[in-house]
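Down below is the structure, laid out as C-alpha cells.
A short reminder: the numbers here are calculations on the coordinates, not readings from a lab. If you're wondering where the values come from, they're calculated on a predicted model, not measured in any experiment. Because the Cβ atoms are built from the backbone with ideal geometry, glycine has one as well, and the counts that use them run over all protein chains shown.
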Amino acid sequence: MLRPRHHSGSRQAAEALVRTAPLVSRWIERLLAAHDPPLTVAQYLALEAVAEGEMVGAELARRAAVSPAAVSQLLAALEGGGLVSRARLEEDRRRQPLVLTEHGRWALRSAQTTLRAQLAGLLPDMPSHEAGALARLLELLRASLAGTPPPPRPPPPPGHGPKHRKRP
C-alpha cells in the first residue's frame with residue numbers, strides 16, 4: 001500500500017496542531033458551557049451555519065460536525081432554547097428553512113465576542129505580523145475542514161451499549 005507523501009513542513013504543522021488543537025478545543029468547550037445561554041460546540045457551529053444562510057439537514061450535520069442522525073436532537077435543543085425556528089414555505093411545505101431568532105442572533109454574537117476576547121487574551125505578546133499569519137493559516141485550515149465531514153464515530157466497545165447498562 002502506498003503511503004501519501006507529506007512535506008516535512010506539513011508533518012511539522014500537523015504535529016503542532018495535534019498538540020495545540022485539543023487544548024484550544026477544551027478552552028472553547030469550557031467558555032461556551034459557561035456562556036449564557038450555555039452552548040455545546042455543535043450548537044455553536046450550528047448557529048454559525050444557520051446565520052450564514054438557508055441550511056438543509058445534511059449540510060447542517062457536516063457544518064456542525066455531527067452525524068445526520070444527531071441533527072434532529074441538535075435542532076430540538078436549539079429550538080427548545082428559543083435560538084432557532086423553522087419557517088414554512090408556502091410553495092414547498094416539506095422544506096422548513098432554519099432561521100435564527102432574535103435571541104439566537106444575540107446568543108451567537110455574544111458567544112463569538114466571548115471566545116474572541118478570551119482567546120485573544122492568550123496571545124498578548126504575539127507580534128502583529130505573526131498574529132496575521134496565524135489568522136490566515138487557520139482560515140485556510142478551517143476552509144479545508146469545513147469541506148470535509150469528520151470521520152465516523154467508532155462503534156462502542158462490547159458491553160457498553162444501552163442493553164448492557166446497569167439499572168439503578
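Mind giving me the FRET efficiency for residue 79 and residue 116? R0 is 25 Å, r the Cβ-Cβ distance, nearest 0.05 is fine. Please list the in-between numbers first.
Numbers: r = 27 Å, r/R0 = 1.06.
Calculated value: 0.40.
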Give a residue-ordered list of calculated ³J(HN,Hα) values for the stretch 36-49 (Karplus: 6.51 cos²θ - 1.76 cosθ + 1.60, θ = phi - 60°; whole Hz; x for Gly, Pro).
10, x, x, 10, 8, 4, 4, 5, 4, 5, 5, 4, 4, 5
Label-point gap, in nm, between residue 134 and residue 27 - each point 7 angstrom along Cα→Cβ:
0.8
Stretch gain in nm, segment residue 123-residue 48, where the contour uses 0.36 nm per residue and the Cα spacing is subtracted
24.6 nm
For a label point 7 angstrom out from the Cα of residue 20 toward its Cβ, which stretches of the stretch 116-142 have the backbone nitrogen within less than 15 Å?
119-142
